[in-house]
Amino acid sequence: MLKPFNLLDDVLNEIEKRIFENINENTLAAKYSLSAGYLRRIFMFAFNQPIGTYIRSRKLAASVEDLLHTDLNILDIAMEYGFGYEQSYIRAFKREFGIKPGELRRTGQILEITPPLHLFASNDLADGLFFGPEIVMIPRFHVVGKKSRIPCRDVASSANSIKQFTMEKTRIPNMIKPNVLINISTEAEEDADYWNYMPSVQVKNLIDVPEGLDSFTFPTSLCARFCFIGQSNKHLDMAAADGMFKAINDFMDDDGQKYFLERKRINIDRFDLGATDGFFSYWEWFAPVRLKTKDDIPEHSQGIIKTYKQEIPALRFIGKKYTETEFSEKSVLNSLDDWCFKKMFDAILETSHEGLDFGGANSYIGLMKNADGKVSEYWIGMFMPQGTAVPQVYEMIDFPSSTLAVCGVYGKRDAIINYDSECRKKLTEEGIQLKNEGWFFQRFNWRDFFKEDKFGKRVLEYCYYFL
């Protein structure tokens, strides 16, 4: 049985590969030895849309190219994309885009199409799939359950609490979705090594709470929702939980995130015992959030705020080379502004439909080469997948896979553009040996560099990359 990540990744790729065939959830389910019902459920949970609707939308999106750029008649296009009749294709096209295929050919109207779905490395967690956060509003609801006090990271204790509760829940009246287990948890105030934990089910009201059981009302709350799809019908194990809480902490520590995750408030997780289907299980975790205020965002002093190492794949740099006499710190900013204004980066992005999946992958790059202690070459451009076609008037340099030494600098725009020597010194102090000659670059991340924080400051990354 494939891991959830590998299964859905393969399904998405199979849909694109067989877009011209009569592919549907039944043929896909048979290929992966699953029931069609199960495939529909896991796809809906992961992507919040029916797999059949997605397949049809992708076929219709692909057919737009044929309508606009070929002389094929509509019947032939309908047959090519697996529609049994011309009229069924025309009706589906009208529902999807609001106009008929013939009208599109006559008018050339701009359409909003469904792009291919993708999974990313951040979605791959332990033996499952991870999604989030999604900010949602949860209405007030009531639960009845069984309170216990368990050690942190003790999966056996939480599993035992759930087992004891499931034997007693039949006594609870007015249950809503009895198979959906809702676990309420808070840190124990008197001992940080323990959690207050209450497996429960949602009820219509708290009028008749059975003796020996406990009740709780969760108030209407704005929450961050994280989701996990795991193997088999077991509850979330510790390896998956560790990965999930790392992702949650990354969310909490993200200075660009406008919501503040409240660590000390009550959190809930929801586990559908009836939705496992014997293959995978579905688990959701909710934590209250609020909009950040100025008190939640401390101002850093200007300077180096972070250093780290980053593994990157083999890449092709596409851009333009500037002469030594054209180079200065101020000219870097002027050139960057000029490229953005003339949409020169767009010309590079249009050369490849293959995305890059690592931190800072889609950033604008100021590439430099050190020789004899000074910058001997200066380029502006972007990194793209190796083999990407090079547009006219642009040049390219291929780089192998490598480990970058990265130094993040925080401050005003004009002040952080000349921090190379300080970054080299900081990295050397941390035991990272840098050569005196070779390639390095400034990475202008869109979110970090082009969007000032409330203090009028931004982040520029210096990345040291040697052949």
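Coordinate-derived values only; no laboratory data. All of these numbers come straight from a predicted model, not from anything done at the bench. Neighbour counts are summed over all protein chains in view; Cβ atoms, including those assigned to glycine, are modelled from backbone coordinates with ideal geometry.
Okay, here's what the table says:
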item	result
Cα-based Rg / Dmax (Å) for the chain	27.2, 84
Shape box of the range 67-198 [Cα atoms, principal axes, largest first, Å]	74, 38, 27
Relative contact order (%) - the chain, alpha-carbon pairs under 8 angstrom, separation at least six	12 percent
Average Cα contact separation per residue, the range 303-464, under 8 Å, 6 or more apart, as relative contact order %	34 percent
Convex hull (Cα only) mean projected area of the range 1-93, reported in nm² to one decimal	6.1 nm²
In sequence order, calculated HN-Hα J values of the range 223-228 (Karplus, 6.51, -1.76, 1.60; Hz; x Gly/Pro)	10, 8, 10, 10, 10, 9
Dipole-positive endmost among Ile138, Pro151, Asn123 within the range 58-171 (Cβ charges, Cα centre)	Pro151
Loop sites in the range 369-454: GluC sites (Glu not before Pro), DSSP, at most 13 other Cβ within 10 Å	Glu430, Glu437, Glu452
3J(HN,Hα) from dihedral phi, the range 115-125, Karplus parametrisation 6.51/-1.76/1.60, rounded to Hz, x for glycine, proline	x, x, 6, 9, 9, 10, 4, 5, 7, 8, 9
Student exercise, the range 303-464 dipole from Lys, Arg, Asp, Glu Cβ charges, in Debye to nearest 20	420 debye
Loop-located trypsin sites (Lys or Arg not before Pro) in the range 301-403 whose Cβ has at most 14 other Cβ within 10 Å (DSSP)	Lys343
Size descriptor, Kirkwood hydrodynamic radius, that averages inverse alpha-carbon separations across the range 69-139, Å	15.8 Å
Under 5 Å, built H, 5+ apart or other chain: amide partners of Asn445	Glu461
Net lengthening on full extension, Met175/Lys17 (0.36 nm per residue, minus Cα-Cα)	52.3 nm
Options Ile90, Met344, Gly359, ranked by Cα towards positive dipole end of the chain, top entry (Cβ charges)	Ile90
Mean ellipticity per residue at 222 nm, deg cm²/dmol - from DSSP H runs of n ≥ 4 across the chain, formula -39500 (n - 2.57)	-9000 deg cm²/dmol
Isotropic mean projected area of the C-alpha convex hull, the range 303-464 (nm²)	9.3 nm²
Under Karplus coefficients 6.51, -1.76 and 1.60, residue-wise ³J(HN,Hα) of the range 416-424 in Hz, glycine/proline x	9, 7, 10, 10, 4, 5, 5, 5, 4
Long-range amide H partners of Ser402 with built H, under 5 Å	Ile312
Dipole magnitude of the chain about its Cα centre (Cβ charges: Lys, Arg +1; Asp, Glu -1), debye to nearest 20	1080 debye
Gain on full stretching of the segment that runs from Thr428 to Asp76 - 0.36 nm per residue minus C-alpha separation	120.2 nm
Among the listed pairs Lys177/Lys204; Lys320/Lys451; Lys59/Lys94, those beyond 22 Å (Cα-Cα)	Lys320/Lys451
